Each structure stands twice: as structure tokens, then as C-alpha cells.
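The values are calculated or read from the model by the stated rules, or taken from the named source; none is laboratory data. This is a predicted model, so every value here is computed, not measured. Note that each Cβ is placed from the backbone with ideal geometry, even for glycine, and that neighbours are counted across all protein chains shown. Each accessible area value is taken on the protein alone, full model and side chains, heavy atoms only, with ligands, DNA and RNA left out. Shrake-Rupley method; radii C 1.70, N 1.55, O 1.52, S 1.80 Å.
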Amino acid sequence: MTIEFTENGLSIRTLTEINQELQAEYRSIYGNDINLESSTPDGQRVGIEAKAIADIEETVLNLYNQMDADLAIGEWLNKLIKFAGIARKAATQSTVDVEITTDSNLTLPTGYTLIDDLNQEWITTTENILTTGVNTISFVSKIFGSISADANTITTQGDVVLGVVSVTNPANAIIGVDEETDGELRVRRAKSVERPAYSTVGGLFARLADLDGVSDVSVKENDTNVYDATRDINPH
């Protein structure tokens with residue numbers, strides 16, 4: 001069997017099948033007495049060639065699968081979902097308010113960095129003018145995604161500024177959102193085709209799930225003539 005397109009998609013061979021076919025070809029050329037045991041030079045050559053062919057066929061299969069939004073990954077999936085009019089939801093930065101105590105008036109530059117107990121960096125996004133005493137300044141995590149920091153764990157300056165006496169965060173950080181995963185995006189893409197549907201539930205889900213800031217959504221209905229006590233939904 002060779003790599004081929006069938007009614008079921010792309011069909012490729014296993015490494016064992018390729019190895020066996022190569023051995024048969026070698027024996028047809030050099031005779032059945034050729035030693036193709038894996039410990040022999042000829043056997044090792046067949047193994048190397050079989051592995052190279054298998055890698056190529058698997059790459060072709062992977063490329064073929066990337067054309068299907070239900071199987072695509074990464075950037076391939078990002079391209080395919082454009083046909084559905086949606087985009088992958090990006091990660092957001094975590095935010096935290098930090099109390100900075102100073103002994104003089106000073107200016108903190110954009111990108112001023114603090115470090116928490118887990119060596120995670122927190123930065124300013126604007127220039128901040130501080131007065132003598134306690135000042136509350138907003139910081140964001142340098143890395144996008146679900147970055148957490150418990151109260152009173154951001155206490156070290158990454159960039160030392162003269163006049164800053166101490167820093168600390170009196171409350172926990174507001175945790176950001178990780179980038180939408182391939183699996184989550186595939187589910188949302190599959191349901192996005194219901195946007196023009198006549199089904200109220202399907203249409204609502206597709207539209208709500210695509211709104212910025214929506215990380216999870218569930219739409220329920222009661223299409224019966226009686227009250228649904230389980231979900232607390234009136235008839236119809």
C-alpha cells in the first residue's frame with residue numbers, strides 16, 4: 001500500500017508496513033539470502049530509510065488534517081476560523097494595586113518593574129508621579145495569562161528608584177485570562193455556525209460566546225408547557 005487519498009481521507013502506511021515493503025524490495029534486488037536483521041549494516045539502512053519515509057508521510061497527513069477545522073492546531077486553526085467570522089480570544093494581563101511608600105516626590109517611569117515572591121514581574125504601563133508618603137499605583141503582569149499574586153507578596157523592586165522606601169500589594173491580584181486553547185476554539189467554532197440559525201438557543205450561544213470578555217456561556221430553555229423546577233425556568 002502507498003500513501004493515497006480515499007473516500008475516507010488520506011491513508012498512510014505504518015512504520016512497520018514501510019519497513020516490510022522495503023525489505024521485500026531489497027530481497028527482490030539482492031536475493032532472499034540478504035541479511036536484513038537490525039544488527040546488520042543493510043538492516044540498519046532499511047530502518048533509516050523506513051523512518052525517513054514514515055516521517056514524510058506523517059507530515060503530509062498532518063498537513064492534510066490542518067485543512068479541517070476540527071483537527072487543525074495553532075496558526076492553521078487561526079486561519080480557518082476566519083471563514084466562520086471569529087478569532088481566537090487573546091490572553092489578558094493580570095492586574096494588581098501596589099502601595100509604594102516614598103520619602104520624597106519622584107516619578108516612576110513606564111515599565112517600572114516589581115518582583116513578587118515567585119519571581120514574577122509586574123510592570124507599570126504609564127509614567128506615574130508620586131508624592132512623599134504612600135501612593136497606590138496599578139501594575140500589570142509582564143507575562144500575559146493567568147498570573148496570580150497573593151496579598152503582600154509583591155515586595156521587591158526590579159528597578160531600583162531612589163526615594164522608594166517600600167512596596168507591597170495589600171490585596172490579591174486580579175488574575176488575567178489565558179489564551180483560548182485549540183480545544184476551546186474548536187468547540188466555539190463548531191457552535192458559531194449556529195449564528196444565523198433559527199434556533200434561539202443556538203443563535204444566542206454563538207453570538208454571546210463571540211463577545212469580547214466572555215470566557216464561558218451556557219444558554220438554557222424550557223420549551224414545555226410546565227415550569228422547569230430543576231433549572232428554574234418558566235414554561236416556553
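List of remarks:
- For beta carbons closer than 9 Å, sequence separation of 6+ or different chains, a first residue in the range 208-225 that is within 24 Å of H236 (Cα to Cα) and a second that is open to solvent by 100 Å² or more (accessible area, probe 1.4 Å) and of a type in the set (S, T, N, Q), the qualifying pairs are N222/N234.
- Residue list for the range 90-108, restricted to those being hydroxyl-bearing (S, T, Y) and either touching a strand residue (DSSP E or B) at 6+ places or on another chain (Cβ under 6 Å) or not in a loop (DSSP other than H, G, I, E, B) (or both): S94, T95, T101, T102, T107
- Checked against the criterion of being open to solvent by 70 Å² or more (accessible area, probe 1.4 Å) and either in a helix (DSSP H, G or I) or without any contact (Cβ under 8 Å) to a residue 40 or more places away in the chain (or both), the candidates N78, N32 yield just one match: N32.
- Test: residue in the range 218-231 that is under 22 Å from the mean Cα position of the chain (by Cα), over 30 Å from E121 (Cα atoms) and open to solvent by 90 Å² or more (accessible area, probe 1.4 Å): no
- Whichever residue in the range 192-217 is surrounded by 10 or more Cβ atoms within 10 Å (Cβ to Cβ), among the hydroxyl-bearing types (S, T, Y) and part of a loop (DSSP other than H, G, I, E, B) and, among such residues, is modelled with the highest pLDDT: S215
- If you go through the range 4-29 and keep only what is part of a strand (DSSP E or B) and of a type in the set (G, A, S), you end up with G9, S11.
- Taking the numbered list (1) crowded, with 18+ Cβ neighbours inside 10 Å; (2) touching a Gly at 6+ places or on another chain (Cβ under 7 Å) in turn, S104 passes all entries but (1).
- Test: S148 is surrounded by fewer than 17 Cβ atoms within 10 Å (Cβ to Cβ), more than 28 Å from V217 (Cβ to Cβ), among the polar types (S, T, N, Q) and modelled with pLDDT of 95 or more: no
- Candidates in the range 176-190 are the residues that are closer than 18 Å to G213 by Cβ and open to solvent by less than 60 Å² (accessible area, probe 1.4 Å); of these, the one that is modelled with the highest pLDDT is G176.
- Whichever residue in the range 153-173 is among the hydroxyl-bearing types (S, T, Y) and in a strand (DSSP E or B) and, among such residues, is surrounded by the fewest Cβ atoms within 10 Å (Cβ to Cβ): S166
- If only residues of the range 41-75 that are in a helix (DSSP H, G or I) and polar (S, T, N, Q) are counted, the one that is least open to solvent (accessible area, probe 1.4 Å) is N65.
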